[in-house]
Amino acid sequence: MNEAVISTPEWIRSLSHYKASKPIEDVARDLGLRSEDIVMLVANENPLGMSKKVRSAIAEAVFSLNRYPDADANRLQKAIAEKMGVPTDWVVIGNGSSELLGLAAQTVLSPQSSCIYPQYSFSLYPMVATVCGAKTVEVPATDDFNADLDAMLKAIDDTTRLIFLTNPNNPTGTYLPKEAIEHFLDQVPNHVFVLLDEAYVDFLEPELRLDSVALVHKHPNVMIARTFSKAYGLAGSRVGFAIAQPELLEIFNRVRHPFNVNDLSQVAALAALNDDEFIERTLENNQAGIKQLTQAFDQLELPYMGLHANFITVKVGNGDKIIECLLRKGIIVRRMASYGLSDWIRVTVGTPEENEKFLTVLKEAFSEI
């Protein structure tokens, strides 16, 4: 039998497959546990699920799945524009904000260019840049695990075409003050595309939030990206959006596939966008969970970093052994070894009951080890 001989660029062959956590049902089967006994504190999902308004909207929309979705998600685009206070043509909808990151790379990167991103940031940044054949430049973080903006500015050269910056940051939960970001953007050359990833901005304390839309008004090379996966509880729907000046989005939309966001996801996001009560409950649960977890970590004398999102990254010693002990009892958290932080784990803030179960099993794991 003949074998296919596929010519693949060297930079594509260098990629590693992104490994996400297994579905709850698979984990339960592997561990011999019931699905309802599994506590998923690994992907920073909303532990409250999704709002009732979303459920009702989806239930009605399923009867129209024989039709193609709106190719540009116009209704959702207009609703987001109104909420964010920008013209409609300043908004683009993506299949999760992760698609928008990839589209940003495809819009400006090539094998002759480079992309800059900070150490301890979303692993998708170097991946999407490498897909384009671009050089990736990871800039070492500061001693407190935050992005070193001065060092990132110094890393810019004639080949730089894209910078990824996250605020609040994942997986460290750290935060960059608005003055620091404003100064940084003032120094970035206009030909360099800056994508400010605000996936966790909904959890940021109101007094710390910067007016990122104002930054887009000021800087035609800046795009902000947000997601419905976290605070809005729609991780499974895969909906995100970005805001940028229309000249940039006009090129961006040439790269974006039509019908990139399915009909049910558009309907779900539109309903979620207008459910302020659900967001309020989500933030209240998150703030209470942060307090519940940090009080326990303080009692256990465990260092932790960044409290500006819906997760905490905590130093536990031997991360692999702790994770193994947690997993045996149905608690799933994020391993940090791939970031060079093998002594740390990242824990999503869950419900009070989920947080308490995690803490109980964590203490048991320390006793076992």
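The values are calculated or read from the model by the stated rules, or taken from the named source; none is laboratory data. Being a predicted model, the structure only gives us computed values, none of them experimental. No Cβ is skipped: glycine too gets one built from the backbone with ideal geometry, and neighbour counts run over all protein chains shown.
Brief remarks on what is shown
- Within region 236-278, the residues that satisfy the criterion of being of a type in the set (Val, Ile, Thr) and part of a loop (DSSP other than H, G, I, E, B) are 239, 261.
- Residue match in region 119-132 (condition: outside the structural domain of residue 349 (by TED's automatic domain parsing), surrounded by fewer than 17 Cβ atoms within 10 Å (Cβ to Cβ) and in contact (Cβ under 8 Å) with a residue 12 or more places away in the chain): yes
- Residue 16 vs. criteria of a type in the set (S, T, N, Q), outside the structural domain of residue 128 (by TED's automatic domain parsing) and closer than 23 Å to residue 354 by Cβ: no
- Restricted to region 169-182, and to residues there that are aliphatic (A, V, I, L, M) and buried (at least 18 other Cβ atoms within 10 Å of the Cβ), the residue that is farthest from the chain's Cα centre (by Cα) is 181.
- Qualifying residue in region 279-291 (condition: surrounded by fewer than 15 Cβ atoms within 10 Å (Cβ to Cβ) and in a loop (DSSP other than H, G, I, E, B)): no
- Candidate set from region 183-201 (those that are over 21 Å from residue 107 (Cα atoms) and out of contact with any helix residue (DSSP H, G or I) (no Cβ under 7 Å at 6 or more places or on another chain)); member that is surrounded by the most Cβ atoms within 10 Å (Cβ to Cβ): 200
- Only one entry of 54, 39 meets the criterion of being buried (at least 16 other Cβ atoms within 10 Å of the Cβ), of a type outside the set (S, T, N, Q), touching a strand residue (DSSP E or B) at 6+ places or on another chain (Cβ under 7 Å) and not assigned by TED's automatic domain parsing to the domain that holds residue 129, and that entry is 39.
Quick grid of which residues meet (1) farther than 23 Å from residue 122 by Cβ; (2) assigned to a loop (DSSP other than H, G, I, E, B); (3) under 23 Å from the mean Cα position of the chain (by Cα); (4) not assigned by TED's automatic domain parsing to the domain that holds residue 40:
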{"position": "321", "(1), (2), (3), (4)": "yes, no, no, no"}
{"position": "324", "(1), (2), (3), (4)": "yes, no, no, no"}
{"position": "327", "(1), (2), (3), (4)": "yes, no, no, no"}
{"position": "338", "(1), (2), (3), (4)": "no, no, yes, no"}
{"position": "342", "(1), (2), (3), (4)": "no, yes, yes, no"}
{"position": "346", "(1), (2), (3), (4)": "no, no, yes, no"}
{"position": "350", "(1), (2), (3), (4)": "no, yes, yes, no"}
{"position": "357", "(1), (2), (3), (4)": "yes, no, no, no"}
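- Scope region 205-235; condition in a helix (DSSP H, G or I) and hydroxyl-bearing (Ser, Thr, Tyr); matching residues: 212
- Out of 166, 136, sole residue that is surrounded by fewer than 20 Cβ atoms within 10 Å (Cβ to Cβ), modelled with pLDDT of 95 or more, within 27 Å of residue 111 (Cβ to Cβ) and β-branched (Val, Ile, Thr): 136
- Flag for residue 257 being at pLDDT below 95 and in the same structural domain as residue 78 (by TED's automatic domain parsing): yes
- Qualifying positions in region 204-235 - in contact (Cβ under 8 Å) with a residue 40 or more places away in the chain, more than 22 Å from residue 79 (Cβ to Cβ) and among the charged types (D, E, K, R): 205
- Members of region 98-148 that are among the hydroxyl-bearing types (Ser, Thr, Tyr) and within 20 Å of residue 10 (Cα to Cα): 110, 113, 114, 123, 125, 130, 136
- Residue within region 182-195 that is free of Cβ contacts under 8 Å to residues at least 12 places away in the same chain and out of contact with any Pro (no Cβ under 7 Å at 6 or more places or on another chain) present: yes
- Filtering region 50-103 to residues that are farther than 26 Å from residue 193 by Cα, under 21 Å from the mean Cα position of the chain (by Cα) and small (Gly, Ala, Ser) leaves only 51.
- Within region 62-90, the set of residues being of a type in the set (S, T, N, Q) and within 14 Å of residue 273 (Cα to Cα) comprises just one member, 77.
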